[in-house]
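Chemist: This is the structure I have questions about; it appears just below.
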Amino acid sequence: MNAYSTLPPCLDDTSSLDRAPSKLVNQPHNQSNLIQHSRKWFLQTHSSAFIESALAPAKYALFQLLGATVLQIFHCPSSPSYTTSAKIGAFGGIVVTTFYLMLYLTGNASHYSTWAQNEDDVNDLRRPGQSVMMLAHEMLYSTLASIIGCMGYTMTGPLPVSVPIHAFSGCVGPVVFLFSLFVIVGTVLGIAKAQKKLLDWYAGY
């Protein structure tokens, strides 16, 4: 004969045993959601920086080419060739981009939040000062990339290159690019406006 009519409370509570497997099953699911959320947050937060870094060598090579074009237009005796300018700009852009990514990935989160807040404040300004600051930054970074590219090309290339000439090319490259962009956009808008007026005149005629 059983002395106990019922089991002790500690053994009779089977609801906790029923919930335990569900917790074990939900734990990997929660970890998967956390990983997916972290990955999504990382891509949304840092994707623009990585895209800009991937395009930086081509951008600085273009700036060097535009600066070299200006020197050749004015028949500068020490004007570099387009091939050398492109190599110097690309090499300097790779070094600057690598250094930037190292600082970006190893920096403190507080520095990133402050930097992001400052960038948002600058982007919210609708005034000419914003464009001037962005142009000044691009000129500075392009000049730095040109100097680094000249140093690397001198150590690995067959002939030494002129650092001041290439630094000047890198400095004026962003200005020439911005001016060319304004000319192209203005030309396209002018052609579209003239075409619209011609169509309106033809429809009225």
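Chemist: Please verify whether region 182-201 includes one or more residues that are at pLDDT 90 or above, small (Gly, Ala, Ser) and in contact with a Leu (Cβ under 8 Å, 6 or more places away or on another chain).
Modeler: Checked region 182-201: no residue is at pLDDT 90 or above, small (Gly, Ala, Ser) and in contact with a Leu (Cβ under 8 Å, 6 or more places away or on another chain).
Chemist: Sticking with this one: Within region 81-118, can you find the residues that are at pLDDT below 85 and surrounded by 11 or more Cβ atoms within 10 Å (Cβ to Cβ)?
Modeler: Within region 81-118, Tyr100, Leu101, Tyr104, Gly107, His111, Tyr112, Thr114, Trp115, Ala116 qualify.
Chemist: Which count do you get for residues in region 149-177 that are among the hydrophobic types (A, V, I, L, M, F, W, C) and open to solvent by less than 60 Å² (accessible area, probe 1.4 Å)? Talk me through it step by step, then tell me what you get.
Modeler: If we filter region 149-177 for residues that are among the hydrophobic types (A, V, I, L, M, F, W, C), which is where we start, we get 150-151, 155, 159, 161, 163, 165, 167-168, 171-172, 175-177.
After this cut, where a residue has to be open to solvent by less than 60 Å² (accessible area, probe 1.4 Å) as well, the list is 150, 161, 163, 165, 167, 171-172, 176.
Here the count works out to 8.
The values are calculated or read from the model by the stated rules, or taken from the named source; none is laboratory data. Worth saying up front: this structure is predicted, and the values here are computed from it rather than measured. In this analysis, Cβ positions are derived from the backbone assuming ideal geometry, glycine residues included, and neighbour counts consider all displayed protein chains. Quick note on the areas: whole protein, heavy atoms, side chains included, nothing else; ligands and nucleic acids left out. Shrake-Rupley method; radii C 1.70, N 1.55, O 1.52, S 1.80 Å.
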